[in-house]
Amino acid sequence: MTPRDGDGDRIYREALAEREARGLLRRLVPGRRPGPGRVEVGGRVLVDLSSNDYLALARHPALARAAAEAAREWGVGAGGSRLMSGDLDLHHRLEAAAARLVGTEAALLFGSGFLANVGVIPALCGRHDLILADRLVHASILDGAALSRARLARFAHNDPGALEELLRREGSRARRALVVVESLYSMEGDRAPLADFAALRERYGFRLLVDEAHAVGVLGEEGGGLVAAGGLTGGVDFVLGTFGKAFGGYGAFVAGSRAAVDYLVNQARSLVFSTALPPPVVAAALAALEVAAAEPERRRRLADLARGFREAVGRRTGLSCPGEDQIVPVVIGESGRAVEISRRLEVEGFLVRAVRPPTVPAGAARLRVSVTAGHDPADLRRLAEALADAL
């Protein structure tokens with residue numbers, strides 16, 4: 001039934017009101033980033049605990065110079081998709097650098113991690129295949145699975161035994177199987193047992209895609225992520241990384257064998273039908289890789305800050321924050337209460353966004369504290385005190 005003229009927005013207003021009543025309404029709030037670890041919102045400068053700028057590179061002068069020089073030399077846009085006229089030498093240089101970082105033969109650029117997952121997963125799977133995904137994988141992985149039209153089965157979080165049970169029960173019904181996990185989970189802050197998953201891959205012959213969006217640049221000896229750090233490159237088919245988190249810019253890549261990457265060039269629709277990454281973005285990512293390699297103290301500082309904050313939260317609140325890295329979840333439970341605590345922290349000078357369903361499971365709303373190398377230890381201690389007062 002078509003709404004009457006002038007009444008077309010009613011269904012949207014009702015849906016928004018219903019979300020607001022459940023504490024799930026989201027709004028865009030414009031701001032400005034005056035410096036590392038800070039954000040200006042509504043005229044107030046707050047300590048930013050919701051950023052993914054883990055190495056505090058987004059405002060690094062070397063990245064800004066590289067972007068400006070690339071804009072002057074190459075222009076502000078690539079001018080087309082990679083397979084038309086938008087394929088530039090800069091793209092190939094960044095792909096080679098990304099492959100070196102994670103220890104694979106080749107890599108392929110995408111506009112974002114989301115575009116990578118919704119392009120790669122349907123390229124690898126079709127209606128006669130099986131996708132097995134950790135219960136807590138990112139929404140882009142689930143959307144990629146839906147686009148593939150393959151059968152999707154989800155297993156208990158970080159549980160290799162549950163995955164093996166699914167493989168035994170469901171695997172024989174599929175032409176091929178793809179297992180998808182994250183190495184460092186974006187909302188839980190915990191690491192996957194990648195060695196166990198690689199061992200199952202060897203036993204059952206499935207393909208394994210590891211999304212390292214929150215680990216690449218941060219974890220591992222050279223910042224190459226947990227697959228490389230665990231010596232598991234030969235036991236994983238695809239590694240996904242981004243330049244929009246630890247490396248402070250934008251874009252993403254999927255890395256694997258040369259043949260696998262060449263296959264994706266032909267089959268990944270979010271690559272084939274998208275304009276290539278702009279030259280300034282690519283140049284900034286190349287500069288970020290260089291800075292991160294030359295300044296390993298950024299990774300060490302980040303690890304120290306995250307460890308200290310977890311300890312402070314434990315002392316002040318008695319809470320146990322899962323994980324050991326820069327993502328520190330403080331689980332509240334009810335969505336409305338999480339939003340209220342977030343507002344109280346903002347009054348105290350901290351931007352800590354409440355994360356609510358469907359991003360996290362029902363009843364598991366939380367504050368996701370994201371520590372970066374740009375934070376001051378004193379600010380993190382003050383946040384732990386403010387949390388204790390608000391809980």
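Summary table
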item: Answer label for log10 I(q)/I(0) by the Debye sum over Cα atoms at q = 0.09, 0.11, 0.12 Å⁻¹ (calculated), chosen among (i) -0.57, -0.85, -1.01; (ii) -0.73, -0.95, -1.06; (iii) -0.70, -0.81, -0.87; result: (i)
item: Relative contact order [Cα under 8 Å, 6+ residues apart], region 277-391, whole percent; result: 29
item: For region 1-104: relative contact order, % (alpha-carbon pairs under 8 angstrom, 6 or more apart); result: 9
item: For region 214-275: Kirkwood Rh in Å [reciprocal of mean 1/r, alpha carbons]; result: 12.7
item: Within the accessible area of region 1-159 (1.4 Å probe), percent carbon and sulfur; result: 54
item: Probe 1.4 Å - accessible area at S172, Å² to nearest ten; result: 110
item: Karplus-derived HN-Hα couplings along region 344-356 (A = 6.51, B = -1.76, C = 1.60, θ = phi - 60°), whole Hz, x at Gly and Pro; result: 5, 5, 5, 4, 7, x, 10, 9, 10, 6, 7, 10, 10
item: Rg over Rh [alpha-carbon atoms, Kirkwood Rh] for region 288-378; result: 1.03
item: As computed over region 64-140, the Cα convex hull volume per residue (Å³); result: 158
item: A133 long-range amide H proximity, modeled H, under 5 Å; result: A153, R154, F155, V180
item: Interatomic Cα distance distribution for region 188-303, bins of 5 angstrom, percent; result: 2, 10, 18, 21, 20, 15, 9, 4, 0
item: Charge tally in the Cβ shell below 13 Å around D53, where Lys, Arg are +1 and Asp, Glu are -1, D53 excluded; result: +4
item: Relative contact order %, the chain, counting alpha carbon pairs below 8 Å whose residues are six or more apart; result: 23
item: Value of [θ]222 nm, deg cm²/dmol, for the chain, DSSP H segments ≥ 4, -39500 (n - 2.57) each, nearest 500; result: -13000 deg cm²/dmol
item: Unit charges on C-beta of K, R, D, E only; dipole of the chain, Debye; result: 660
item: Gyration tensor (alpha-carbon) shape descriptor, region 3-127, a/c threshold 1.5; result: oblate
item: 23 Å tail of the calculated P(r), region 101-237, as % of Cα pairs; result: 28
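The values are calculated or read from the model by the stated rules, or taken from the named source; none is laboratory data. Just so it is clear, the structure is predicted and the values come from calculations on it, not from any experiment. All Cβ positions, even for glycine, are placed from backbone atoms using ideal geometry, and neighbour counts span all protein chains on display. These accessible areas exclude ligands, DNA and RNA; they are computed on the full protein's heavy atoms, side chains included. Shrake-Rupley method; radii C 1.70, N 1.55, O 1.52, S 1.80 Å.
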